[in-house]
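Okay, structure first, notes after.
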Amino acid sequence: MLESVAVGVLMHLGAVGVFFPVLLTIELPVYLTIILGLTRDRPPPRPADPRPTLPAPTVSCIITCYNEGACVERTVTTLMEQTYRGSIEILAIVDGAAGNTETLVALKRLTHRYARSSRRRMMVIPKWQRGGRVSSLNTGLYLSRGQIVMALDGDTSFDNDMVANAVQRMANPDVIALTGTLRPRNHHAGLWTRLQALEYLIGLLATRTGLSAFNVINNISGAFGVFRRDALLRVGGWECGTAEDLDLTLRLKRYNGRNPRQILAFEPTAVAHTDVPETLTDLLRQRLRWDGDLYYMYVRKHRSAFSPDLLGWPNMIATVWYGLIHQVALPFVIAGYLVWLVLLHPPAAVLTALAVVYVIYLAITMVLGGLAVALLSERRRSDLPLLAIAPVYPVYRGLMRLWSVVALLAEIILHQHKDTSMAPWWVLKRSQY
């Protein structure tokens with residue numbers, strides 16, 4: 001009897017114990033780095049608009065438009081109504097304008113409304129043949145006149161001090177690019193959108209703030225990226241293919257590796273709002289592309305960049321650890337652990353192991369979410385209630401990581417990045433990877 005009890009206890013401990021090396025060697029260093037970055041000495045809050053003694057350079061906002069329809073009006077309006085005292089030029093690039101008439105009509109209606117706006121200039125550039133997002137961004141870059149260039153999605157809106165806060169951060173000449181806080185504006189739509197709102201709070205706001213404290217930010221968002229124009233030109237602008245935001249970030253990091261004083265920053269007070277998928281089907285479809293793109297970028301296209309000579313030691317370590325190991329390899333480790341757990345252990349041991357893992361990730365969720373709300377959030381009243389769904393969040397993240405395995409395999413086997421919903425086949429064909 002005692003022998004069987006001892007065997008059962010050992011099986012329970014073994015089922016749980018196998019998980020801890022993964023936690024200690026892969027996950028814990030990432031979370032500790034983020035927490036350390038979040039709790040470092042923080043500068044005092046800056047005023048909402050640059051002081052008159054600071055320069056107010058012209059800002060070019062490139063809006064990539066494709067089938068947004070009337071929704072694009074909100075994007076343009078929030079840019080026109082910015083409190084920034086300098087000049088803003090808005091370049092709305094309508095991709096595939098021949099079949100995108102609703103968006104084109106909505107934008108032309110706005111040009112009449114804002115024709116006499118002071119220090120605001122709006123241009124609508126129809127690209128009659130569809131060329132994809134990268135084509136639109138490079139068209140906007142070529143036509144832009146501002147020292148600072150913003151790459152923005154046509155379905156994204158902004159707080160009215162976004163430009164002022166972003167420009168003020170870039171008053172530091174070493175900052176060559178930055179991204180800001182991205183918030184789901186439809187987070188009240190249901191459980192899936194609330195979970196994504198908590199995910200954005202932890203995975204974007206907290207994580208990017210923590211990583212940027214060490215100048216190892218993981219990505220400059222494609223929906224909301226801010227760049228020095230001369231830095232974009234030095235790296236050749238955007239390249240064709242999918243995941244153009246991560247691709248540009250990695251190329252800027254290579255430039256940064258040769259110029260270690262240059263900074264890729266995160267500015268939490270520059271806030272944008274976007275719509276996230278409201279159904280599980282749409283969410284899985286989105287992550288199928290997002291997560292598959294990680295393998296395409298880190299393993300196919302940029303594998304030769306993993307060198308301290310190109311990235312510098314801090315960015316190389318961070319990119320390998322957070323990008324290759326944490327985002328690409330870890331989902332397979334977790335899936336393998338679950339298969340091993342279910343096939344080789346009795347149900348009681350499986351439940352014990354999963355319960356322990358759940359409690360650990362719930363604690364991590366509460367710590368990171370709590371720090372994000374306490375130290376970073378400019379909307380604490382709306383963010384604090386998100387912590388109420390923290391008990392569901394570890395299950396959600398576990399499911400998303402398992403789905404990452406499907407996405408990564410789809411990229412490995414099917415070359416998912418050549419999905420023609422992102423650009424015409426003749427554009428994607430130019431990508432050699």
Restricting the first residue to the range 154-179 and requiring it to be aromatic (Phe, Trp, Tyr), which pairs with a second residue that is crowded, with 24+ Cβ neighbours inside 10 Å and part of a helix (DSSP H, G or I) meet a Cβ separation below 8 Å and a spacing of at least six or different chains?
-> PHE158/THR75; PHE158/LEU79
State whether the residues of the range 411-419 include one that is at pLDDT 90 or above and over 21 Å from the mean Cα position of the chain (by Cα).
-> yes
Restricting attention to the range 92-111, does a residue exist that is closer than 25 Å to MET170 by Cβ and in the same structural domain as GLU239 (by TED's automatic domain parsing)?
-> yes
Screening ILE364, ILE360 for residues that are closer than 25 Å to PRO184 by Cβ, of a type in the set (Val, Ile, Thr) and part of a helix (DSSP H, G or I) leaves only ILE364
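For (1) farther than 19 Å from LEU232 by Cα; (2) in the same structural domain as ALA197 (by TED's automatic domain parsing); (3) at pLDDT 95 or above; (4) not in a strand (DSSP E or B), each residue gets a yes or a no:
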{"residue": "SER117", "(1), (2), (3), (4)": "yes, yes, no, yes"}
{"residue": "MET122", "(1), (2), (3), (4)": "yes, yes, no, no"}
{"residue": "LEU152", "(1), (2), (3), (4)": "no, yes, yes, no"}
{"residue": "PRO173", "(1), (2), (3), (4)": "no, yes, no, yes"}
{"residue": "ALA177", "(1), (2), (3), (4)": "no, yes, yes, no"}
If we scan the range 210-227, do we find a residue that is farther than 30 Å from LEU191 by Cα, touching a Lys or Arg at 6+ places or on another chain (Cβ under 9 Å) and modelled with pLDDT of 95 or more?
-> yes
Before we move on, is THR64 in a helix (DSSP H, G or I) and surrounded by 16 or more Cβ atoms within 10 Å (Cβ to Cβ)?
-> no
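Can you pull out the residues in the range 164-177 that are touching a Gly at 6+ places or on another chain (Cβ under 8 Å) and closer than 24 Å to ARG133 by Cβ?
Within the range 164-177, ALA166, ALA177 meet the criteria.
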Name the one entry in ALA98, ALA166 that is touching a Phe, Trp or Tyr at 6+ places or on another chain (Cβ under 7 Å) and in a helix (DSSP H, G or I).
-> ALA98
Answer with yes or no whether ALA98 is without any contact (Cβ under 8 Å) to a residue 12 or more places away in the chain and surrounded by fewer than 22 Cβ atoms within 10 Å (Cβ to Cβ).
-> no
Could you grab me the full set of residues in the range 287-332 that are out of contact with any Gly (no Cβ under 6 Å at 6 or more places or on another chain), hydroxyl-bearing (Ser, Thr, Tyr) and assigned to a helix (DSSP H, G or I)?
-> TYR295, TYR296, SER304, THR319, TYR322
Subset of the range 279-310 that is of a type in the set (D, E, K, R) and over 18 Å from the mean Cα position of the chain (by Cα) - its residue that is farthest from LEU178 (Cα to Cα) = ARG300
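Going by what's in this entry, would PRO394 be described as assigned to a helix (DSSP H, G or I), under 30 Å from ASP247 (Cα atoms) and without any contact (Cβ under 8 Å) to a residue 40 or more places away in the chain? Can you show your working first?
Numbers: assigned to a helix (DSSP H, G or I): yes; under 30 Å from ASP247 (Cα atoms): yes; without any contact (Cβ under 8 Å) to a residue 40 or more places away in the chain: yes.
Here the answer is yes, as PRO394 does meet what is asked.
A quick yes/no check of all residues on (1) outside the structural domain of PRO29 (by TED's automatic domain parsing); (2) crowded, with 19+ Cβ neighbours inside 10 Å; (3) free of Cβ contacts under 8 Å to residues at least 24 places away in the same chain; (4) closer than 24 Å to LYS418 by Cα:
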| position | (1), (2), (3), (4) |
| --- | --- |
| ASP247 | yes, yes, no, yes |
| PHE266 | yes, yes, no, no |
| THR269 | yes, yes, no, no |
| GLY292 | yes, yes, no, yes |
| TYR295 | yes, yes, no, yes |
| SER304 | yes, no, yes, yes |
| ASN315 | no, yes, no, no |
| TRP321 | no, no, no, no |
| PRO331 | no, yes, no, yes |
Just a yes or no: is a residue in the range 1-11 among the charged types (D, E, K, R) and at pLDDT below 60?
-> yes
LEU182 being touching a residue at least 60 places away in the same chain (Cβ under 8 Å) and under 25 Å from LEU399 (Cα atoms) | yes
Listed residues GLU68, GLU73; which is outside the structural domain of VAL342 (by TED's automatic domain parsing), among the acidic types (Asp, Glu), modelled with pLDDT of 90 or more and under 30 Å from LEU137 (Cβ atoms)?
-> GLU73
State whether the residues of the range 222-229 include one that is closer than 19 Å to ASN256 by Cβ, under 12 Å from the mean Cα position of the chain (by Cα) and in contact (Cβ under 8 Å) with a residue 12 or more places away in the chain.
-> yes
Across the range 339-355, the tally of residues that are surrounded by fewer than 16 Cβ atoms within 10 Å (Cβ to Cβ), in contact (Cβ under 8 Å) with a residue 12 or more places away in the chain and assigned to a helix (DSSP H, G or I) stands at 2
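The values are calculated or read from the model by the stated rules, or taken from the named source; none is laboratory data. Being a predicted model, the structure only gives us computed values, none of them experimental. Cβ coordinates were reconstructed from backbone atoms using ideal geometry, including for glycine residues, and neighbour counts include every protein chain displayed.
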